[in-house]
Amino acid sequence: VREGTPVPDRVNHTRPQNLVAAKAGEILRVEDYDGQAVVQPGDQVLPGDLLISGILEDASGKVTLRQALGEVVAKTRYEREITVPLFETQNLPTGRLVKRYVLRIYGLELPLYFDSKPPFALCSETAYLHEWKPFAHFFGLAVREEIFHELEPCNVSHTEAEAKEMAQVLLEADLTETLPDVKIVKRELSASCDAFVYTLRAKIFCEERIEIPKEILWGD
């Protein structure tokens, strides 16, 4: 007969977890709603570092596993490099277009044309759906209008000023897509231009929450 090892208490009826860093940064604020914070403002962390522990030990040595909850805000940094060629080939519309129509009857499509091949060797397509709704009621009839615009390759050149403006637009689009919910507090921009390419380099300084849950497995 030997003394067994006590199993830690599990609470909250949920799987115990730690909160770890999703990315590198400098800690600004820590709020531990449940669990024990192991970082404080000013600390530098790397991805995977423990932020709020769900493993608690009291004065008697009793260990409890909890679901760590909280918010950890850090100062983060991103770098972007945007290049815009000063000379490029673009497919531009010639002004010629072809319209085709498809009749839709309760989901069944009946093309109102014979040749299914694209009308031009190089073209763009836009489609519009026109539904038949007399008296504001849809009766299952609709016509899809397909518009094909002919394109042709053209050599296009940009001035440095034009390339700079384009690079800034591309940078904003990139940040909107990749950092949609991040507070940007500072930007450091630098640029260079040679005979062929304009390059915009950006350092983006942000404040954002970086905590993500990581399940505590027995033996961790």
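I'd like the residue in segment 131-162 that is aliphatic (A, V, I, L, M) and within 30 Å of Cys193 (Cβ to Cβ) and, out of all such residues, is most open to solvent (accessible area, probe 1.4 Å). Spell out how you get there, then give the answer.
Start the filter on segment 131-162 by keeping residues that are aliphatic (A, V, I, L, M), which leaves 136, 141-143, 147, 151, 156, 161.
Applying the additional criterion that residues be within 30 Å of Cys193 (Cβ to Cβ) yields 151, 156, 161.
On the way: Leu151: 33, Val156: 34, Ala161: 73 Å².
Applying the filter and picking the extreme gives Ala161.
Tell me the residue from Val38, Val30 that is at pLDDT 90 or above, among the β-branched types (Val, Ile, Thr) and open to solvent by 70 Å² or more (accessible area, probe 1.4 Å), please. Write out each step before concluding.
Details: Val30 fails: open to solvent by 70 Å² or more (accessible area, probe 1.4 Å).
None of the other options fit; the residue is Val38.
Go over the candidates Ala173, Ala191 one by one and state the one that is in a strand (DSSP E or B) and small (Gly, Ala, Ser).
Ala191 is the lone residue from the list that is in a strand (DSSP E or B) and small (Gly, Ala, Ser).
Conditions tested, residue by residue: (1) open to solvent by 60 Å² or more (accessible area, probe 1.4 Å); (2) part of a strand (DSSP E or B).
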{"residue": "Glu79", "(1), (2)": "yes, yes"}
{"residue": "Asn91", "(1), (2)": "yes, yes"}
{"residue": "Leu103", "(1), (2)": "no, yes"}
{"residue": "Tyr113", "(1), (2)": "yes, no"}
{"residue": "Lys117", "(1), (2)": "yes, no"}
{"residue": "Leu129", "(1), (2)": "yes, yes"}
{"residue": "Lys164", "(1), (2)": "yes, no"}
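Sort through Leu46, Leu51, Leu56, Leu69 and tell me the only one that's out of contact with any Asp or Glu (no Cβ under 8 Å at 6 or more places or on another chain), surrounded by 12 or more Cβ atoms within 10 Å (Cβ to Cβ) and not polar (S, T, N, Q).
Values: Leu46 fails: surrounded by 12 or more Cβ atoms within 10 Å (Cβ to Cβ); Leu51 fails: out of contact with any Asp or Glu (no Cβ under 8 Å at 6 or more places or on another chain); Leu69 fails: out of contact with any Asp or Glu (no Cβ under 8 Å at 6 or more places or on another chain).
Exactly one of Leu46, Leu51, Leu56, Leu69 is out of contact with any Asp or Glu (no Cβ under 8 Å at 6 or more places or on another chain), surrounded by 12 or more Cβ atoms within 10 Å (Cβ to Cβ) and not polar (S, T, N, Q), namely Leu56.
Looking at (1) at pLDDT 90 or above; (2) open to solvent by less than 60 Å² (accessible area, probe 1.4 Å); (3) at positive phi, which is the one condition that is false for Gly95?
Every condition holds for Gly95 apart from (2).
So Thr178 passes all but one of these: (1) exposed (fewer than 15 other Cβ atoms within 10 Å of the Cβ); (2) more than 30 Å from Ala37 (Cα to Cα). Which condition number does it fail?
The one condition Thr178 does not meet is (2).
Got a number for residues in segment 160-177 being in contact (Cβ under 8 Å) with a residue 12 or more places away in the chain and either more than 27 Å from Phe87 (Cα to Cα) or polar (S, T, N, Q) (or both)?
Step one: of segment 160-177, the residues in contact (Cβ under 8 Å) with a residue 12 or more places away in the chain are 160, 163-164, 166-168, 170-171, 174-175.
Right, trim to either more than 27 Å from Phe87 (Cα to Cα) or polar (S, T, N, Q) (or both) and you get 168.
Residues flagged as in contact (Cβ under 8 Å) with a residue 12 or more places away in the chain and either more than 27 Å from Phe87 (Cα to Cα) or polar (S, T, N, Q) (or both) within segment 160-177 amount to 1.
Of the numbered conditions (1) part of a strand (DSSP E or B); (2) within 24 Å of Thr89 (Cα to Cα); (3) in contact with a Leu (Cβ under 8 Å, 6 or more places away or on another chain); (4) not hydrophobic (A, V, I, L, M, F, W, C), Asn155 fails exactly one; give the number of that condition.
Failed condition: (3).
Looking at Lys186 and the list (1) modelled with pLDDT under 95; (2) closer than 30 Å to Pro47 by Cβ, which single condition is not satisfied?
That leaves (1) as the condition not met.
On the basis of being in contact with a strand residue (DSSP E or B) (Cβ under 7 Å, 6 or more places away or on another chain), of a type in the set (Gly, Ala, Ser) and without any contact (Cβ under 8 Å) to a residue 60 or more places away in the chain, does Ser124 make the cut? Don't jump to the end; show me each part of the working.
Values: in contact with a strand residue (DSSP E or B) (Cβ under 7 Å, 6 or more places away or on another chain): yes; of a type in the set (Gly, Ala, Ser): yes; without any contact (Cβ under 8 Å) to a residue 60 or more places away in the chain: yes.
Yes, satisfied.
Do the conditions hold for Leu171, that is, is it under 30 Å from the mean Cα position of the chain (by Cα) and open to solvent by 80 Å² or more (accessible area, probe 1.4 Å)? Step through it out loud before you land on a result.
Numbers: under 30 Å from the mean Cα position of the chain (by Cα): yes; open to solvent by 80 Å² or more (accessible area, probe 1.4 Å): no.
So Leu171 fails the test.
The values are calculated or read from the model by the stated rules, or taken from the named source; none is laboratory data. Note that this is a predicted model, so its numbers are computed, not measured. Neighbour counts run over all protein chains shown; Cβ positions are idealised from the backbone, glycine included. Calculation scope for accessible area: heavy atoms of the full protein, side chains included, ligands and nucleic acids excluded. Shrake-Rupley method; radii C 1.70, N 1.55, O 1.52, S 1.80 Å.
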